[in-house]
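**Student:** One structure, pasted below without further comment.
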Amino acid sequence: MIILIVNTVLIVSGITGFLALLLVIADLLFANYGECTISINGKKELKVKGGSSLLSLLNENKIFLASACGGRGTCGFCKCEVISGAGPLLPTEKPFLNAADIAAGIRLSCQIKVKEDIAIKIPESIFNIRKFTAEVTDIVDLTYDIKEFTLKIIKPEVINFKAGQYVQLQTPPYEKSRQSVNRAYSISSSSSREDQIQLIIRYVPDGVCTTYLFQYLKQGAQINFTGPFGDFYIRDTDNDMLFVAGGSGKAPIKSMLEYLSENNSTRRMVYMFGARSRKDLYYTELFEKLEKELPDFTYVPVLSQPTEECEWQGKCGYVPPFFPEYIRDPQKTEAYLCGSPGMIAAVIKGLKELGVPEDKIYYDSFA
């Protein structure tokens, strides 16, 4: 019986190995798409070897589309308009595209395999996105699961960004990941600093990128990132401003408020930060300082699960029920939100019910 089992295992393993070999040979013989041309905006052409994703081929040619998930097809950020040559729409793309997107030829570049000449259209601003090398000059524990990373720009020497934008950090291969990984993180420092950026990053258990950042990355090491990305930035109006964030979503809000303070803004501003308990609060002294520097700014931390040990005397529960207390004129209010998709959805619902126009609600939603 044992001999029979062993023979069966060997036969199955042999068949599996043979089939795998056939797939490799087939890929080499029949999936060789040769040289393909990527035409961009009818102005620029790239000659590439076919077979890889459109996103990766653009990246190789230093054209960086946003991709918070690093090209895994889970964020929906790497959209571009395809004129021709992309093949049929894939089921993996449909969850991220609405009817208007599909009608306009919008596709996810990470899901398109370049097999023939392809023509695409992207915003001209994409050509200003660059790849940077930086030195990690400081790592600070903000809470038990959130750290602040300061990155001194090495090459190119300066970065220009709008407060609220983000970068894609690239972690190198290490013992828990054979490949480099890209993840999106909002810049938390003021846009007035061109020689460095700061990132606020929350640890994700078993996360490939955050495990490297929290357990392997050391002060003095070098790391690469691309950017800046995003259309989450301050609109130049006289409207009241409501900021809402949770966890590491505080990063772009901090950048925006520091920018507004440095530019002596007189706009009315309220920042509501949602956290579970007192141990999840950070930068409290900074925002209390901004309350003194800005003529009409209020910082409102709200704890959803305060413990007895907290001795918390502030707001309790969830953020949306407190909106009527701080929004004086919904029609003349702009909302800037950053946090998890669930938080963003709940906040948008509360704002719209109160009468804040949907086109005045701006957000970054990172899963």
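The values are calculated or read from the model by the stated rules, or taken from the named source; none is laboratory data. Everything quoted here is computed from the prediction, not taken from an experiment. Here Cβ is always computed from backbone atoms with ideal geometry, including for glycine, and neighbour counts include all displayed protein chains.
**Student:** Could you look through the stretch 162-205, keep only residues that are touching a Lys or Arg at 6+ places or on another chain (Cβ under 9 Å) and of a type in the set (D, E, K, R), and pick out the one that is nearest to residue 282 (Cα to Cα)?
**Tutor:** It comes out as 202.
**Student:** Hey, can you tell me all the residues within the stretch 135-159 that are over 30 Å from residue 279 (Cβ atoms) and in contact (Cβ under 8 Å) with a residue 60 or more places away in the chain?
**Tutor:** Correct list: 135, 154, 159.
**Student:** Checking residue 39 against (1) at pLDDT 95 or above; (2) in a loop (DSSP other than H, G, I, E, B): exactly one of these is not met. Which one?
**Tutor:** (2)
**Student:** Does residue 256 fit the bill of being crowded, with 20+ Cβ neighbours inside 10 Å, in contact with a Pro (Cβ under 9 Å, 6 or more places away or on another chain) and aliphatic (A, V, I, L, M)? Please lay out each step first, then the result.
**Tutor:** On the way: crowded, with 20+ Cβ neighbours inside 10 Å: yes; in contact with a Pro (Cβ under 9 Å, 6 or more places away or on another chain): no; aliphatic (A, V, I, L, M): yes.
Spelling it out, it is not the case that residue 256 is crowded, with 20+ Cβ neighbours inside 10 Å, in contact with a Pro (Cβ under 9 Å, 6 or more places away or on another chain) and aliphatic (A, V, I, L, M).
**Student:** Just to be sure before I move on: is residue 225 touching a residue at least 24 places away in the same chain (Cβ under 8 Å) and farther than 30 Å from residue 172 by Cα in the structure I sent?
**Tutor:** Judged against the criteria, residue 225 is not a match.
**Student:** Consider residue 122 against the criteria (1) in contact with a Cys (Cβ under 8 Å, 6 or more places away or on another chain); (2) over 21 Å from residue 166 (Cβ atoms); (3) touching a residue at least 60 places away in the same chain (Cβ under 8 Å); (4) surrounded by 15 or more Cβ atoms within 10 Å (Cβ to Cβ): it satisfies all of them except one. Which criterion is unmet?
**Tutor:** With respect to (1) in contact with a Cys (Cβ under 8 Å, 6 or more places away or on another chain); (2) over 21 Å from residue 166 (Cβ atoms); (3) touching a residue at least 60 places away in the same chain (Cβ under 8 Å); (4) surrounded by 15 or more Cβ atoms within 10 Å (Cβ to Cβ), residue 122 is out only on (2).
**Student:** Does the stretch 158-180 contain any residue that is aliphatic (A, V, I, L, M), surrounded by 15 or more Cβ atoms within 10 Å (Cβ to Cβ) and over 15 Å from the mean Cα position of the chain (by Cα)?
**Tutor:** Taking every residue of the stretch 158-180 in turn, at least one turns out to be aliphatic (A, V, I, L, M), surrounded by 15 or more Cβ atoms within 10 Å (Cβ to Cβ) and over 15 Å from the mean Cα position of the chain (by Cα).
**Student:** So is residue 138 surrounded by fewer than 17 Cβ atoms within 10 Å (Cβ to Cβ), in the same structural domain as residue 220 (by TED's automatic domain parsing), within 18 Å of residue 217 (Cβ to Cβ) and in contact with a strand residue (DSSP E or B) (Cβ under 8 Å, 6 or more places away or on another chain) or not?
**Tutor:** Here the answer is yes, as residue 138 does meet what is asked.
**Student:** If you scan the stretch 256-273, which residues turn out to be in a loop (DSSP other than H, G, I, E, B) and either of a type outside the set (Val, Ile, Thr) or in contact with a strand residue (DSSP E or B) (Cβ under 7 Å, 6 or more places away or on another chain) (or both)?
**Tutor:** Listed by number, the residues that qualify are 263, 264, 265, 267, 268.
**Student:** Being surrounded by fewer than 19 Cβ atoms within 10 Å (Cβ to Cβ) and in a loop (DSSP other than H, G, I, E, B) is the filter here; which residues of the stretch 218-249 pass it?
**Tutor:** Correct list: 218, 219, 220, 221, 231, 235, 236, 237, 238, 239.
**Student:** Next question. With the requirement that a residue be under 29 Å from the mean Cα position of the chain (by Cα) and not aliphatic (A, V, I, L, M), what does the stretch 290-305 give you?
**Tutor:** Correct list: 291, 297, 298, 299, 301, 304, 305.
**Student:** Report, ordered by the first and then the second residue, all pairs with beta carbons closer than 7 Å, sequence separation of six or more or different chains, a first member in the stretch 338-367 that is among the aromatic types (Phe, Trp, Tyr), and a second member that is crowded, with 19+ Cβ neighbours inside 10 Å and not in a strand (DSSP E or B).
**Tutor:** 362/232; 363/232; 363/344; 366/68
**Student:** OK, next. Please work out which residue is nearest to residue 114 (Cα to Cα), limiting yourself to the stretch 80-100 and to residues that are of a type outside the set (Gly, Ala, Ser) and buried (at least 19 other Cβ atoms within 10 Å of the Cβ).
**Tutor:** Top of the filtered list is 82.
**Student:** Residues of the stretch 145-172 being farther than 20 Å from residue 251 by Cα and touching a Ser or Thr at 6+ places or on another chain (Cβ under 6 Å), which ones?
**Tutor:** If the condition is that a residue be farther than 20 Å from residue 251 by Cα and touching a Ser or Thr at 6+ places or on another chain (Cβ under 6 Å), then 154, 155, 172 are the ones that fit.
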